[in-house]
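Right, one structure below, let's go through it.
The values are calculated or read from the model by the stated rules, or taken from the named source; none is laboratory data. Since the structure is predicted, the reported quantities are computational estimates derived from the model, not experimental observations. Here Cβ is always computed from backbone atoms with ideal geometry, including for glycine, and neighbour counts include all displayed protein chains. For accessibility, only protein heavy atoms count, side chains too; no ligands or nucleic acids. Shrake-Rupley method; radii C 1.70, N 1.55, O 1.52, S 1.80 Å.
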Amino acid sequence: MNSAHRQPSYGVRFDWGLSGARAVSAGCDVAVVVDVLSFTTTLSVALDEGIVVLPFRVRGEEAAAYAAEHDAVLAVGRSVAQGDQISLSSSTIRDREHQPERLVLPSPNGSTISYEVAASSTVVVGASLRNADAVGAWICAEYPAGAVVAVIAAGEQWPDGSLRPAFEDIWGAGAVLTAMAAHGWQATQYSPESEAAGSAWTSAEPRITARLEESASGRELIDAGYPCDVAIAGEVNSTRIVPVLRNDRFVPATTVHS
């Protein structure tokens, strides 16, 4: 890998997808994974409900065995969920009367990136529009000014497996980066890529509900019958819970007040 692609001169870095995560998280103190539609939004809803979330790379038999090993409920695919089964759809958690203690939540993007980055011993945080300000405040409270922070927009995948940049994720990443600046992080540490993500959020914020609905990922979910997922993703700063990956599971770091 070209060393310049790691953005080594900057304390705040930004990139896309799993390869980008591997690049900018190398040697960092904390990595923030953003997958607005839908992993990190569903993660935030789960932690709001007191559920411990175990990210996993893939669905199928391997995920089922992992869930059984950890005495956890396995989230199924959206299209096959029935009754009160939980899926990556955040509404399947919010609408349940009884919540599981532990949930294995597979996804090919945000969950996979979280799982893989954690292997490098980096502290991994899950961020969405629902908790962007809380995440920014927590980073500023927990880490010194010289710490290195990597913010990763998970993106989606084209049918051939290549990265499809998903603009809801750059908005979520930009919301975190903007919150960090608002809570005292020095702007001189931001890479140009990080600054661009912050600018994307500033542009989208006034019309974020419409932007989410009109985006490619939002339209995909709405057309498939999941408008509630898009609406929940747009609940900007509605929770103060900061999900931190500890011992292979996301748990609340703390409750950060405004």
| At a Förster radius of 22 Å, what calculated FRET efficiency corresponds to the Cβ-Cβ distance of SER238 and ASP84, to the nearest 0.05? | 0.40
| Shape call, region 116-160: gyration tensor on alpha carbons, a/c limit 1.5 | oblate
| remark: Computed over the Cα atoms of region 60-163, the Rg and Dmax in Å are 16.2, 49
| task | Return the sequence-ordered ³J(HN,Hα) values of region 165-176 in whole Hz as given by the Karplus equation 6.51 cos²θ - 1.76 cosθ + 1.60 applied to θ = phi - 60°, using x for Gly and Pro. | result | x, 10, 5, 4, 6, 5, 5, x, 4, x, 5, 5
| message | Please report the accessible area of SER9 (heavy atoms, 1.4 Å probe, ligands and nucleic acids excluded) in Å², nearest 10. | response | 100 Å²
| said: How tilted is helix 132-142 with respect to the longest principal axis of the chain? Cα atoms for both, answer in degrees (0 to 90, nearest 10). | reply: 60 degrees
| query | Mind checking which of SER38, SER203, SER191 has the largest fluctuation in a GNM of the chain, springs on alpha carbons under 10 Å? | reply | SER203
| note | Rounded to 0.05, the calculated FRET efficiency for the beta carbons of ARG96 and ALA187 at R₀ = 41 Å is 0.45
| query | Per 10 Å bin, what is the whole-percent P(r) computed from every C-alpha pair distance within the chain? | reply | 8, 34, 38, 17, 2, 0
| query | Heavy-atom accessible area of GLU214 with all protein chains present, probe 1.4 Å, nearest 10 Å²? | reply | 100 Å²
| message | As an exercise, take the mean of 1/r over every pair of distinct alpha carbons in region 160-200, invert it, and state the Kirkwood radius in angstroms. | response | 10.9 Å
| remark: For region 21-27, Karplus-derived ³J(HN,Hα) couplings (6.51, -1.76, 1.60; θ = phi - 60°; whole Hz; x for glycine and proline) come out as 4, 4, 5, 7, 8, 4, x
| Which whole-Hz ³J(HN,Hα) couplings does region 198-211 yield from phi under the Karplus relation 6.51 cos²θ - 1.76 cosθ + 1.60, θ = phi - 60°, glycine and proline marked x? | x, 5, 4, 5, 4, 5, 7, 3, x, 10, 5, 4, 5, 4
| task | Please work out how much accessible surface ASP160 shows to a 1.4 Å probe, ignoring ligands, DNA and RNA, in Å² rounded to 10. | result | 120 Å²
| Shape of region 5-57, Cα gyration tensor, a/c cut at 1.5 | prolate
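Determine the share of region 114-198's accessible area contributed by carbon and sulfur atoms, expressed in whole percent, with a 1.4 angstrom probe.
Working: 1770 of 3090 Å².
In region 114-198, the share of accessible area belonging to carbon and sulfur is 57 percent.
I want to verify the translational diffusion coefficient of region 108-192 in µm²/s; compute it with Stokes-Einstein, Rh as the Kirkwood radius over Cα pairs, at 4 °C and 1.567 mPa s. Intermediate results must be reported in sequence, preceding the final value.
Working: Rh = 13.8 Å.
It diffuses with D of about 94 µm²/s by this estimate.
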| Taking the Cα atoms of region 29-82 alone, what are Rg (to one decimal) and Dmax (as a whole number) in Å? | 12.3, 40
| Accessible-area order (highest first, 1.4 angstrom probe) of the listed residues HIS98, HIS70 | HIS98, HIS70
| request: Choose one of VAL236, SER217, ASN2: the residue whose Cα lies farthest towards the positive end of the charge dipole of the chain (beta-carbon charges +1 Lys, Arg; -1 Asp, Glu; about the Cα centre). | output: ASN2
